[in-house]
Every structure is written in structure tokens, then in C-alpha cells.
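Chemist: Here it is: the structure, laid out below.
The values are calculated or read from the model by the stated rules, or taken from the named source; none is laboratory data. What you are looking at is a predicted structure, and each value in this text was computed from that prediction instead of being measured. Cβ: placed from backbone, ideal geometry, glycine included. Neighbour counts: every protein chain shown.
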Number of protein chains: 2
Amino acid sequence: MKVFSVIGISKSGKTTTIENIIKELVKRNYSVGTVKEIHFHNFKMDMDGTNTDRHKKAGSSLIAARGANETNIMYQRKLNLNEILDFYSHDFVILEGVRGTWAPTIVTAHDVQGIEDRISETTFAFSGVISGNLSEYKGIPAINSLTEIEKLVDLIEEKVFERLPDMKDECCMKCGHTCKELSSLILKGEKSRTDCVLREQNVILKVNGKEITMVPFVQKILQNSVEAVAGELDGYSVNGNIELLIKR
Amino acid sequence: MKVFSVIGISKSGKTTTIENIIKELVKRNYSVGTVKEIHFHNFKMDMDGTNTDRHKKAGSSLIAARGANETNIMYQRKLNLNEILDFYSHDFVILEGVRGTWAPTIVTAHDVQGIEDRISETTFAFSGVISGNLSEYKGIPAINSLTEIEKLVDLIEEKVFERLPDMKDECCMKCGHTCKELSSLILKGEKSRTDCVLREQNVILKVNGKEITMVPFVQKILQNSVEAVAGELDGYSVNGNIELLIKR
């Protein structure tokens, strides 16, 4: 699953750029999911007085609304990005307005100042209003999604890589970098996605069908815990894989 | 996790009953989640013209909207009840308007005809408008959530049991019944939740391809060990199977 972000100030062409990218990706037979960051403190999806709003106000902390063609799961808290991405199994997931991640990023802007305000080491393209007047800035291409969508999506196909695990800096850095640094180096062509050491896991854990990424030392703790119990049992051998299924 | 349903015709007091139940359950320190079935064919949570609506119309098939205090996951299809319940890890989940399940059910109604239209073998109480005029019908109590909420929630605590797996009739019936039949028999006191054969927490361990038999308490130790580690990881859920592969 490949993940990238589109960020930019309001009215700089962010959602239009995303719409055009989605349409072109779908045209190329990719499945696409999206995540929208709402920068409005009191945001809520539901309207006052609906049944689900009444559930929430009475104290329900997770509310689902299911219709014939749509199901909404409403968490009453801000999930972190990894929690959100775990719901997805798409070819591409586009983040709108989600900042400060490792994800390769397209910046939309009105002008050079707008670019300067948001450019970072993970920026791989500019788009939106500015791309009508500019074809590159500081070596990064500016591509208009209205007139050059194929070129923009070609670049996305070339640059965007498989989701990084987004581990906290203090608990991994096994490749020598934070996830954001590694992302930047992959975009520059100096490293590759395979340099993420979590790619090859010796201990694979799935909960409810979903694989959970573990840094090496957590893998080791889990392995030791299982071996400590299993090692006492008749029939145990120190060689060979251990498979465990816990039905719940 | 205990699950029950409240069904009834529009304006019969369904949402009011649920609000009062949620408040009383929360007062008793239970965590509560809810699921609302929308019987309106063109239901969608989002409004026309929002950014997320534009994502959807461009072809995004799963859309998340994250605000400071709320995160919405919008599936562009109707999930089945088991898929929805897998998001929950609450003490109680209340289904509003979800019909035809194994879940113990409270029927709200205006009158006896409203009861007759919706009563089934899993009905364990009546409430809503009718409960102002009636204290029982066909041996099932009618309890007013406005004036007798403690009595109603006492009954919920007494009657509602741990979520059944809701297996398809053709692929289980290991207890001799469908999930709905077993539910009805539990409510009548003729069977217990432990009669569901899937209750037994099967922990299956293979070392080097060979299955190792464990007595129940060893299974439990192994499960606890794995859950103790896995439970600390992002992406862990208390529901669903745990699968572990240790490559050696």
C-alpha cells in the first residue's frame, strides 16, 4: 500500500488536485482510499439532533451508522495515522492536509511564499495554483493537475513507495534513520524502501487478520515469552518454526 | 462484550429509550458503544460538496475524516454486523433498528399492534410509548425508560449475555441450534452462554510443523503471555484471533 500526502493552504487547489489524482489513479485500475485532516477544532461529522448524535451525547464512545450503501464508524477521539491506515488495504492512500509524517508530499500553493511555508525534505512535487506559473522550484517539479494529470500521476507512480511503519524515533532507527529521514533519502534515490529493516520480520503477528508491525526488540520479547512456555511442553523442539493460533 | 438491540417503529420512543439506557449504563461504569441502522436508502453521512464528498465522488472507496476530537471512517458499502462489531471492545454495544440478528431485543411500540409486528423469540422487554400503559405482554415485561430506568437496566444486566459469534447457520450449529435459536433458549433460561461450543478458547501451537497438545490452563498461560506483549502494540485489538509465526 502506497501512501502520499497533499498539503497546502486553503484555496490553493488542494482538493481539486486530489480529485484529479484519484480519477487518474482509478482510470489506471488502482484502488484508492483517502484521509482528510480537518483543521477545525470543533469538527464533527454528525449533525446535532440526529439519532447518532443523541447516542454520543448520552455517552456512547464509538458509534456506527449503517445505511444501504455506506457504513460510518465514528470514533470519539483523534486516531493516530497508523491506526487510521490499518483500516486500508488499497493500492494508494492519499492524505489531505496531514502534516509532519514520513509520507512523500505534494505541496499546493498560490505562490512561492506558499511553497516556502510548507516545503520539506519529503516534498516531491508542487501543484495547485502555482503550477500554472511555474514548472519547477529548487529542482522539484511543479505540475498542473488540470492540464498535466498524466504527468503528475506518472511521477506519483515513480516516486511513491510502500507505506513505512512510522515507528516512533526513540524505538526503532534500526536503519540508522527516522522514518521521515529514510523517506527523504528514498525520494532522493540514495536509499530504497528495502533499507527499512522492519521489512523482513522474523516474528509475524496478526490480530483479527491484521498484521502488526513490531520493532526487532519487541519481536524478541514476544519470541522469548512463547518459547518460555512452549519450552516446558512435551514434544517441543528448539528447531523449526513456531506457529500459534489463539482463537478468540 | 454484551450486545443487544432496540427495535421499533418511528416515534415509538426508540432513541429516547436508548439514550436513557446509555446514561444509566455509563453511570454504572460500563463502556458503551452503539450501532445505528439507517432505513433510508440514500443515506450518507457526509454533505454534498465537502472535501471528503469530493474524494468519494472522484473514486475513493474508503474515506477517513480526522478532527481534533473525532475520527470518522467512511466505508462505501454496507458492512455486515460481525465486521462492525469487530471495531468494538466495549462492555455493552446497543444496536438501534438492527433487525434479524441473534441479539436479545427490546421492542419499543405505541400500542399492542406495534408489539405484535416486531415481537420475536429474542424479545426480552418492551419499552417506549407502550410502557406508559402496560406492564407486561405475553409474559414479557414492559418497562418505561423515563420513570423506571434502573429497573430496565437491571433487566439488561440480568438477561444480556456475551456476544454470540453469529455464525452462518450452514457452517456451525455445533451446539445443535442456530445462533438465534441458542439466544432465545438462553433468554428463556433453558440454555446458557457456555453452551456455545465456540466458547472454548482454542490455543493451537505447532512447533516444527507438529501440533503440541496443551491442557486448558497451559493454553491460558500461553494466551496471556502473548496478549501481554501484543496488547501494548499499536493496531492491537481485543477481538479476533491472534496468529503468530516465529521463524527459526
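Chemist: Please go through the range A:85-132 and pick out each residue that is in a strand (DSSP E or B), among the hydrophobic types (A, V, I, L, M, F, W, C) and under 22 Å from B:Ala65 (Cα atoms).
Modeler: A:Phe92, A:Val93, A:Ile94, A:Leu95, A:Ile106, A:Val107
Chemist: Select from the range A:199-240 the residues that are over 14 Å from B:Ile246 (Cβ atoms), within 7 Å of another protein chain (Cβ to nearest Cβ) and of a type outside the set (A, V, I, L, M) and list them in ascending order.
Modeler: A:Asn208, A:Gly209, A:Lys210, A:Gly235
Chemist: Looking at (1) closer than 19 Å to B:Leu155 by Cα; (2) at the interface with chain A (Cβ under 7 Å from one of its Cβ atoms); (3) of a type in the set (Phe, Trp, Tyr), which one does B:Tyr88 not meet, given that it meets all the others?
Modeler: (1)
Chemist: Would you pick out the residues in the range B:92-114 that are closer than 25 Å to B:Leu185 by Cβ, modelled with pLDDT under 95 and more than 14 Å from chain A (Cβ to nearest Cβ)?
Modeler: B:Trp102
Chemist: Those residues that are touching a residue at least 40 places away in the same chain (Cβ under 8 Å) and within 7 Å of chain B (Cβ to nearest Cβ), I need them from the range A:76-85; list them, please.
Modeler: A:Asn82, A:Ile84
Chemist: Every residue in the range B:201-214 that is touching a helix residue (DSSP H, G or I) at 6+ places or on another chain (Cβ under 8 Å) and modelled with pLDDT under 80, please.
Modeler: Residues satisfying the conditions are B:Gln201, B:Asn202, B:Met214.
For every residue, the table says whether it meets (1) buried (at least 16 other Cβ atoms within 10 Å of the Cβ); (2) under 16 Å from A:Met173 (Cα atoms); (3) without any contact (Cβ under 8 Å) to a residue 24 or more places away in the chain.
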{"residue": "A:Cys196", "(1), (2), (3)": "yes, yes, no"}
{"residue": "A:Gln201", "(1), (2), (3)": "yes, yes, yes"}
{"residue": "A:Gly209", "(1), (2), (3)": "no, no, yes"}
{"residue": "A:Val215", "(1), (2), (3)": "yes, yes, no"}
{"residue": "A:Lys220", "(1), (2), (3)": "no, no, yes"}
{"residue": "A:Ala230", "(1), (2), (3)": "yes, no, yes"}
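Chemist: Working only within the range A:155-183, note down all residues that are in contact with a Pro (Cβ under 9 Å, 6 or more places away or on another chain), in contact (Cβ under 8 Å) with a residue 40 or more places away in the chain and either among the acidic types (Asp, Glu) or farther than 19 Å from A:Gln219 by Cβ (or both).
Modeler: A:Ile156, A:Lys159, A:Val160, A:Phe161, A:Ser183
Chemist: Please go through the range B:52-111 and give me each residue that is within 22 Å of the chain's Cα centre (by Cα), surrounded by 19 or more Cβ atoms within 10 Å (Cβ to Cβ), charged (D, E, K, R) and farther than 19 Å from B:Lys14 by Cα, ordered by number.
Modeler: The one that is within 22 Å of the chain's Cα centre (by Cα), surrounded by 19 or more Cβ atoms within 10 Å (Cβ to Cβ), charged (D, E, K, R) and farther than 19 Å from B:Lys14 by Cα: B:Glu70.
Chemist: Among the residues of the range A:161-199, how many are over 20 Å from B:Asp234 (Cβ atoms) and acidic (Asp, Glu)?
Modeler: Qualifying residue count for the region: 3.
Chemist: Filter the range B:25-67 for residues that are farther than 19 Å from A:Gly97 by Cα, facing chain A (nearest Cβ under 7 Å) and charged (D, E, K, R) and give the result.
Modeler: Of everything in the range B:25-67, those that are farther than 19 Å from A:Gly97 by Cα, facing chain A (nearest Cβ under 7 Å) and charged (D, E, K, R) turn out to be B:Lys36, B:Glu37, B:Lys44.
Chemist: Quick one: is A:Ser192 buried (at least 17 other Cβ atoms within 10 Å of the Cβ) and more than 7 Å from chain B (Cβ to nearest Cβ)?
Modeler: no
Chemist: In addition: Evaluate the range B:55-75: report whether one residue or more is touching a residue at least 24 places away in the same chain (Cβ under 8 Å) and not in a helix (DSSP H, G or I).
Modeler: Checked the range B:55-75: at least one residue is touching a residue at least 24 places away in the same chain (Cβ under 8 Å) and not in a helix (DSSP H, G or I).
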